[in-house]
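J.: One structure coming up, written as structure tokens, with questions to follow.
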Number of protein chains: 2
Amino acid sequence: MTATPFPVSEIVAARRPHRKDAARNYDALLDAAREAFTEHGADASLEDIARRAGVGIGTLYRNFPTRRDLFETVYADEVAALCGAALELADREPWEALTAWLGRFAGYMVTKRAVREALNGESDIFQTCRESMYAAGGPLLERAQRVGAARTDMDFGDLLRLVAGITATNFEDAAQRDRVLSIALDGVRTGR
Amino acid sequence: MTATPFPVSEIVAARRPHRKDAARNYDALLDAAREAFTEHGADASLEDIARRAGVGIGTLYRNFPTRRDLFETVYADEVAALCGAALELADREPWEALTAWLGRFAGYMVTKRAVREALNGESDIFQTCRESMYAAGGPLLERAQRVGAARTDMDFGDLLRLVAGITATNFEDAAQRDRVLSIALDGVRTGR
DNA sequence: ATTGAAGCGGAGGTGCGCCTCCGCTAGAGT
DNA sequence: ACTCTAGCGGAGGCGCACCTCCGCTTCAAT
């Protein structure tokens, strides 16, 4: 849906049908799937997704012949949006831009977890997504490192896992999540 | 199984049957269930668990009438073992004792995740487990805080979530996991 | 050794999600 | 307006996991 200059965005576009009604259904299925994954994780029922989207189960299967196709596309769509977000942060302060992007990244972790679980890491789409993610977010960390705001004995992959893990956890409330995330980022930050 | 002075250990003991063969089956089921949860997460099939344990499905249901009963008991058993581990660290250096225990804690997170997912947080056993965990691990953090090794603007709950989140993530290799965990703990540590 | 009851196991009924298939609908080109 | 084809929907077959039920086995108390 969200168009970005990153390769991952083509994955979603390539599948999208041309006819008007078909495209609408396609979008509705993607939205419904994202919602269902957030709610039920990898076990979300395909028939439930079709129901949410207001289409027949047959339509779901025509657009996404296998469960894997659907999961991959939802995932790619999320990653594409996240990549787009990184571009809009180019003019902010390095450290602030980095943490703002990580905040957005955190929001996408729920879906990502479900997808990873379902696909069991056995998909080459992860490679493409990883590349796009690194291309989008990597520069934010490098910028912060260059101005001495972030420690240099870590790479972007380390940072993503750190934030990913923490945001995937259930907290008592939003305040605790922010507190814990900020403690972890104190481990990343240098100078103050 | 593992006997500790913590209330949570009674949950497992209370269920354990008295007759010899029944007790053996009970233990085998618990082991098989822990293994299955580690491997397949919350979706582990009960029939598969019975098969692994070498007992009939009927035996599983007699011991654990509902899926919830089985999950709760496995979880309680893990927590009891973890509580026991904390007691054995009383004579170590404060910071070292804390990190050693957190390392052990990390090992139990896989099962814990599966159980939490299955029970959807809707069980009062979590309350009991939380209390036992805090009673066991809390003093380790307080000790480290008292000698100035750990920051004081956080509590034990924050620390558990921090470690729990990170260890629940998939890393490229063990080295990366340790690196990330150590970065996060740098955020906790004070004075060097 | 006897016996009763506690425990065992797995066949089979039930329900649910997966996926296919095909008669019907509606968009797009002329 | 007409047509023809891409697209639609959902009934229904299939398989798997859940759970019950009951005849058989094993323990342990006397």
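The values are calculated or read from the model by the stated rules, or taken from the named source; none is laboratory data. Note that this is a predicted model, so its numbers are computed, not measured. Note: ideal-geometry Cβ built from the backbone for every residue, glycine included; neighbour counts use all protein chains shown. Side chains are part of the model used for accessible areas, which takes the heavy atoms of the whole protein and leaves out ligands, DNA and RNA. Shrake-Rupley method; radii C 1.70, N 1.55, O 1.52, S 1.80 Å.
J.: Give the number of residues within the stretch A:47-81 that are farther than 19 Å from residue A:122 by Cβ and among the hydrophobic types (A, V, I, L, M, F, W, C).
T.: Number of matching residues: 8.
J.: Restricting the search to the stretch B:24-36, which residues are open to solvent by 70 Å² or more (accessible area, probe 1.4 Å) and either within 12 Å of DNA strand C (Cβ to nearest atom) or part of a loop (DSSP other than H, G, I, E, B) (or both)?
T.: B:24
J.: I'm told residue A:106 meets every condition in (1) of a type in the set (A, V, I, L, M, F, W, C); (2) modelled with pLDDT under 90; (3) under 24 Å from residue A:69 (Cβ atoms) except one. Can you identify the failing condition by its number?
T.: For residue A:106, the failing item is (3).
This table checks each residue for (1) in contact with a Phe, Trp or Tyr (Cβ under 7 Å, 6 or more places away or on another chain); (2) small (Gly, Ala, Ser).
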residue	(1), (2)
B:146	no, no
B:154	no, no
B:163	yes, no
B:168	no, yes
B:178	no, no
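J.: Now, a different point. Has the stretch B:123-141 got any residue that is more than 11 Å from chain A (Cβ to nearest Cβ), aliphatic (A, V, I, L, M) and surrounded by fewer than 18 Cβ atoms within 10 Å (Cβ to Cβ)? Outline the logic, then answer.
T.: Keep residues of the stretch B:123-141 that are more than 11 Å from chain A (Cβ to nearest Cβ), which gives B:123-125, B:127-129, B:131-141.
Among the residues that remain, those that are also aliphatic (A, V, I, L, M) are: B:125, B:133, B:135-136, B:140-141.
Pick out the ones that are also surrounded by fewer than 18 Cβ atoms within 10 Å (Cβ to Cβ) and you get B:135.
Within the stretch B:123-141 (the criterion being more than 11 Å from chain A (Cβ to nearest Cβ), aliphatic (A, V, I, L, M) and surrounded by fewer than 18 Cβ atoms within 10 Å (Cβ to Cβ)), the answer is yes, since at least one residue qualifies.
J.: Of everything in the stretch A:159-188 that's closer than 18 Å to residue A:94 by Cα and surrounded by fewer than 19 Cβ atoms within 10 Å (Cβ to Cβ), which residue is farthest from the other protein chains (Cβ to nearest Cβ)?
T.: Looking at the filtered set, the residue picked out is A:182.
J.: Condition test on residue A:6, is it surrounded by 17 or more Cβ atoms within 10 Å (Cβ to Cβ), of a type outside the set (Val, Ile, Thr) and in a loop (DSSP other than H, G, I, E, B)?
T.: Answer is yes for this residue.
J.: For the stretch B:45-76, what are the residues that are open to solvent by 10 Å² or more (accessible area, probe 1.4 Å) and more than 15 Å from DNA strand C (Cβ to nearest atom)? Give the derivation first.
T.: Our first condition is that a residue be open to solvent by 10 Å² or more (accessible area, probe 1.4 Å); within the stretch B:45-76, this holds for B:45-48, B:51-59, B:61-63, B:65-69, B:72, B:75.
Correct list: B:68, B:72, B:75.
J.: Identify, by number, the condition in (1) within 30 Å of residue A:15 (Cβ to Cβ); (2) of a type outside the set (S, T, N, Q); (3) in a helix (DSSP H, G or I) that residue A:95 doesn't meet.
T.: All conditions are met except number (1).
J.: I'm trying to understand the selection: among the residues of the stretch B:42-72, which are modelled with pLDDT under 95 and away from DNA strand D (no atom under 12 Å from the Cβ)?
T.: Of everything in the stretch B:42-72, just one residue is modelled with pLDDT under 95 and away from DNA strand D (no atom under 12 Å from the Cβ), namely B:72.
J.: Moving on. Among all residue pairs at least 6 apart or on different chains, which show Cβ distances below 6 Å where the first residue, located in the stretch A:32-58, is farther than 19 Å from residue B:114 by Cα and the second is within 16 Å of DNA strand D (Cβ to nearest atom) and of a type in the set (S, T, N, Q)?
T.: The qualifying pairs are A:55/A:25.
J.: One residue is enough: does the stretch A:37-59 have a residue meeting the conditions of a type in the set (A, V, I, L, M, F, W, C), under 20 Å from residue B:43 (Cβ atoms), part of a loop (DSSP other than H, G, I, E, B) and over 13 Å from the mean Cα position of the chain (by Cα)?
T.: Yes, the stretch A:37-59 has at least one match.
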